[in-house]
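This report concerns only the one structure given below.
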Amino acid sequence: MSAKVVTITSGKGGVGKTTATANLGVALAGLGHRVVCIDADIGLRNLDVVMGLENRIVYDLVDVVEGRCRLRQAMIKDKRLPELYLVPAAQTRDKTAVSPSDMIRLADEIRPEFDFILIDSPAGIERGFRNAIAPADVVLIVTNPEVSSVRDADRIIGLIEADEKGPGKLVINRVKPEMVQRGEMLSADDVIDILAIELIGIVPEDESVLVASNRGTPTVMDGGSLAGRAFNDIARRLLGEQVPLTLPEASLSWLQRFMRALFGSPNGRGG
Amino acid sequence: MAGTTDLSNRIAIKGLKDGLVVSLGAESTWAEVTEALMARIDAQAAFFQGGRVAVSVGDRLVRSAKLAALRSALSERGITLWAVIGTNPDTVEAARLLGLETSLQQIDEYRELEPIDTEVIGSEGVLVRQTLRSGGTVRHGGHVVVIGDVNPGAEIVAGGDVVVWGRLRGTVHAGAYGDERAVVCALELAPMQLRIAGHIAVSPPNDNRRRPAPEVASVRNGQIVANPWKTR
Ligand SMILES: Nc1ncnc2c1ncn2[C@@H]1O[C@H](COP(=O)(O)OP(=O)(O)O)[C@@H](O)[C@H]1O
Ligand SMILES: [Mg+2]
């Protein structure tokens with residue numbers, strides 16, 4: 001057995017890469033898999049904060065690359081789950097401290113002992129992004145249903161294709177069903193129409209995400225939230241399960257749902 | 001195709017996927033060919049700007065001082081000298097010393113076919129068989145044909161016509177050397193911005209109710225107009 005390396009990237013910043021990495025890590029570990037999350041956003045580390053492991057950092061990714069410690073020593077174990085680890089990014093160094101071949105070497109070193117290695121990519125298309133996708137077997141592209149974010153995702157997909165890392169799979173994050181209903185936000189279909197790649201999950205806008213990351217307990221941990229359920233579904237799809245893709249509807253009013261049942265979704269799409 | 005070959009035949013320019021190849025005519029002197037090249041670049045600055053160029057020098061001997069001078073003349077114009085292709089070993093060595101590439105695998109793909117006796121004489125172009133995503137750019141002195149979509153944020157600049165067998169939603173400039181007869185056609189013509197020669201047009205806000213149909217854009221009476229695509 002050898003771990004599958006999943007890189008989470010986006011092009012644009014602030015769309016939910018770190019949130020997705022933390023939640024997918026927790027979800028996969030919760031389903032019994034051995035998971036390592038690597039924060040490749042050097043200089044702007046924050047996966048540790050979202051995962052609630054900041055206070056336990058001793059060594060970081062750059063320490064490993066520069067030989068100050070072994071990879072195992074930099075791996076922080078999340079005590080809440082049986083097999084979840086984090087390799088934090090360095091706070092003080094710049095991205096050039098790590099190279100794509102370093103990333104491939106590190107991933108290969110731990111592949112035999114794990115099921116998933118999740119890599120949280122920095123924004124942009126520069127070195128940090130190159131580092132993050134170098135060892136990837138699967139690339140997840142996170143986008144928001146918003147024109148500029150979709151545009152950046154498209155650019156990233158082009159670069160990933162040129163690197164022969166496949167077209168990647170798409171996560172649409174922060175969807176507000178009521179805004180889509182009113183035609184004020186791009187729908188999942190609008191996004192797929194442009195990007196033309198496989199959709200692996202739709203995550204609704206959910207306040208619990210913010211609350212959870214402030215507390216350092218990714219929202220998947222407390223089960224019930226809408227976003228948490230969506231991330232859990234993505235984890236199961238990554239494992240090859242067939243989980244139907246549904247547009248989150250819980251926040252639609254009864255009237256909207258009634259209208260929808262009667263007339264179908266707007267423009268004859270969605271749903 | 002007008003624009004692909006210099007009138008004096010001193011230089012010929014071809015587009016590759018990631019740059020231009022300039023072939024220097026064997027009959028002219030180095031000074032003549034470089035002068036012709038600079039004149040061509042200065043006349044179509046927008047087309048060359050930001051691009052990279054490989055120079056194919058044939059069997060002539062070009063010393064590193066001349067190559068270095070060419071490189072700086074190009075870089076002053078915002079163009080990168082990327083490779084020097086030649087058969088003279090001293091030229092190849094000089095190029096290598098300057099850190100330039102000296103072979104292009106891609107060139108083989110573009111080696112000209114022996115012309116056969118055809119009744120219709122076509123004109124040169126490139127075929128791109130993939131969707132051009134945001135940030136993707138194709139520049140070519142002849143025609144550009146894309147089998148795939150051209151997404152918002154992608155750009156095509158062609159000396160000749162542009163044909164998109166797919167949805168055209170990016171930016172496109174046909175007849176970039178000033179050819180007003182150039183056309184742009186697509187299965188769905190909804191470009192962010194469309195230019196033909198010196199004319200410019202933007203698509204009307206998109207109308208979802210309309211079923212997309214193949215269209216051709218061309219210049220009529222000094223304006224870009226789009227019409228349903230018909231062969232007659
Ligand atoms: N589904 C969501 N609902 C609400 N807020 C979200 C959601 N996903 C992300 N956020 C918030 O968006 C911000 C940016 O998310 P983050 O994961 O840090 O993005 P990135 O890593 O792509 O820069 C954070 O404040 C996060 O809490
Ligand atoms: Mg982040």
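Table: residues versus (1) under 28 Å from A:LEU186 (Cα atoms); (2) in contact (Cβ under 8 Å) with a residue 40 or more places away in the chain; (3) among the hydrophobic types (A, V, I, L, M, F, W, C); (4) in contact with a Gly (Cβ under 9 Å, 6 or more places away or on another chain).
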site: B:ALA186; (1), (2), (3), (4): yes, no, yes, yes
site: B:LEU189; (1), (2), (3), (4): yes, no, yes, no
site: B:GLY198; (1), (2), (3), (4): no, no, no, yes
site: B:ARG211; (1), (2), (3), (4): yes, no, no, no
site: B:VAL216; (1), (2), (3), (4): no, no, yes, no
site: B:ILE224; (1), (2), (3), (4): no, no, yes, no
site: B:ASN227; (1), (2), (3), (4): no, no, no, no
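Of the residues B:GLY153, B:GLY178, B:GLY141, the single one that is at negative phi and in contact with a Gly (Cβ under 8 Å, 6 or more places away or on another chain) is B:GLY141. When A:GLN181 is tested against (1) away from ligand 1 (no atom under 14 Å from the Cβ); (2) modelled with pLDDT of 90 or more, only condition (2) is not met.
Would you confirm, using the coordinates I've provided, whether B:ASP149 is in contact (Cβ under 8 Å) with a residue 12 or more places away in the chain and in contact with a Ser or Thr (Cβ under 8 Å, 6 or more places away or on another chain)? Let's see the steps before the verdict.
Values: in contact (Cβ under 8 Å) with a residue 12 or more places away in the chain: yes; in contact with a Ser or Thr (Cβ under 8 Å, 6 or more places away or on another chain): yes.
Yes: the conditions hold for B:ASP149.
Using the structure shown, decide if A:VAL138 is crowded, with 22+ Cβ neighbours inside 10 Å and away from ligand 2 (no atom under 16 Å from the Cβ). Considered against the rule, which asks whether it is crowded, with 22+ Cβ neighbours inside 10 Å and away from ligand 2 (no atom under 16 Å from the Cβ), A:VAL138 comes out as no. When restricted to residues that are surrounded by fewer than 20 Cβ atoms within 10 Å (Cβ to Cβ), within 16 Å of ligand 2 (Cβ to nearest atom) and either closer than 20 Å to A:PRO145 by Cα or within 14 Å of chain B (Cβ to nearest Cβ) (or both), segment A:193-226 contains 1. Considering each residue of segment B:192-209 in turn, at least one proves to be within 14 Å of chain A (Cβ to nearest Cβ) and surrounded by 15 or more Cβ atoms within 10 Å (Cβ to Cβ).
Does at least one position in segment A:68-79 carry a residue that is within 22 Å of A:PHE231 (Cα to Cα) and crowded, with 20+ Cβ neighbours inside 10 Å? Scanning segment A:68-79, I find at least one residue that is within 22 Å of A:PHE231 (Cα to Cα) and crowded, with 20+ Cβ neighbours inside 10 Å, so the answer is yes. I'd like to check something: does segment A:54-63 contain any residue that is more than 14 Å from chain B (Cβ to nearest Cβ), away from ligand 1 (no atom under 14 Å from the Cβ), within 13 Å of the chain's Cα centre (by Cα) and not in a helix (DSSP H, G or I)? Within segment A:54-63, none of the residues are more than 14 Å from chain B (Cβ to nearest Cβ), away from ligand 1 (no atom under 14 Å from the Cβ), within 13 Å of the chain's Cα centre (by Cα) and not in a helix (DSSP H, G or I). Considering only segment A:79-91, I want to know if a residue exists there that is more than 16 Å from ligand 2 (Cβ to nearest atom) and of a type in the set (Gly, Ala, Ser). No, every residue in segment A:79-91 fails to be more than 16 Å from ligand 2 (Cβ to nearest atom) and of a type in the set (Gly, Ala, Ser).
Listed by position, the helices (runs of 4 or more DSSP H) inside segment B:8-96 whose residues that are more than 20 Å from B:GLY178 (Cβ to Cβ) number at least 2 are B:30-43, B:64-76. For segment B:124-162, the candidate set comprises residues that are closer than 21 Å to B:ALA12 by Cα and in contact with a Phe, Trp or Tyr (Cβ under 8 Å, 6 or more places away or on another chain); within that set, the residue that is surrounded by the fewest Cβ atoms within 10 Å (Cβ to Cβ) is B:VAL145.
Quick grid of which residues meet (1) closer than 20 Å to A:ILE172 by Cβ; (2) away from ligand 1 (no atom under 16 Å from the Cβ); (3) not acidic (Asp, Glu):
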{"residue": "A:LEU106", "(1), (2), (3)": "no, yes, yes"}
{"residue": "A:GLY124", "(1), (2), (3)": "no, no, yes"}
{"residue": "A:ASN131", "(1), (2), (3)": "no, no, yes"}
{"residue": "A:ALA134", "(1), (2), (3)": "no, yes, yes"}
{"residue": "A:VAL147", "(1), (2), (3)": "yes, yes, yes"}
{"residue": "A:LEU159", "(1), (2), (3)": "yes, yes, yes"}
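Looking only at residues in segment A:1-33 that are closer than 21 Å to A:ALA134 by Cα and away from ligand 1 (no atom under 13 Å from the Cβ), the one that is nearest to the other protein chains (Cβ to nearest Cβ) is A:VAL6.
Under the condition of being surrounded by fewer than 13 Cβ atoms within 10 Å (Cβ to Cβ) and at pLDDT 85 or above, the residues counted in segment B:43-62 number 1. Quick check: anything in segment A:35-49 in contact (Cβ under 8 Å) with a residue 40 or more places away in the chain, part of a helix (DSSP H, G or I), touching an Asp or Glu at 6+ places or on another chain (Cβ under 9 Å) and under 21 Å from A:VAL220 (Cα atoms)? Yes, segment A:35-49 contains at least one residue that is in contact (Cβ under 8 Å) with a residue 40 or more places away in the chain, part of a helix (DSSP H, G or I), touching an Asp or Glu at 6+ places or on another chain (Cβ under 9 Å) and under 21 Å from A:VAL220 (Cα atoms).
Table: residues versus (1) within 15 Å of ligand 2 (Cβ to nearest atom); (2) among the β-branched types (Val, Ile, Thr).
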{"residue": "A:ALA3", "(1), (2)": "no, no"}
{"residue": "A:ASP41", "(1), (2)": "yes, no"}
{"residue": "A:VAL49", "(1), (2)": "yes, yes"}
{"residue": "A:GLY52", "(1), (2)": "no, no"}
{"residue": "A:LEU61", "(1), (2)": "yes, no"}
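For A:GLY14, indicate whether it is near ligand 2 (Cβ under 10 Å from one of its atoms) and surrounded by fewer than 24 Cβ atoms within 10 Å (Cβ to Cβ). Answer is yes for this residue. Residues in segment B:124-146 that are of a type in the set (Val, Ile, Thr) and facing chain A (nearest Cβ under 8 Å): B:THR131 alone. B:GLY166 falls short on exactly one of the conditions (1) surrounded by fewer than 19 Cβ atoms within 10 Å (Cβ to Cβ); (2) over 24 Å from B:GLN49 (Cβ atoms); (3) without any contact (Cβ under 8 Å) to a residue 24 or more places away in the chain, and that condition is (3).
The values are calculated or read from the model by the stated rules, or taken from the named source; none is laboratory data. Since the structure is predicted, the reported quantities are computational estimates derived from the model, not experimental observations. Quick reminder, even Gly has a Cβ in these numbers, built from the backbone with ideal geometry, and neighbours come from all protein chains shown.
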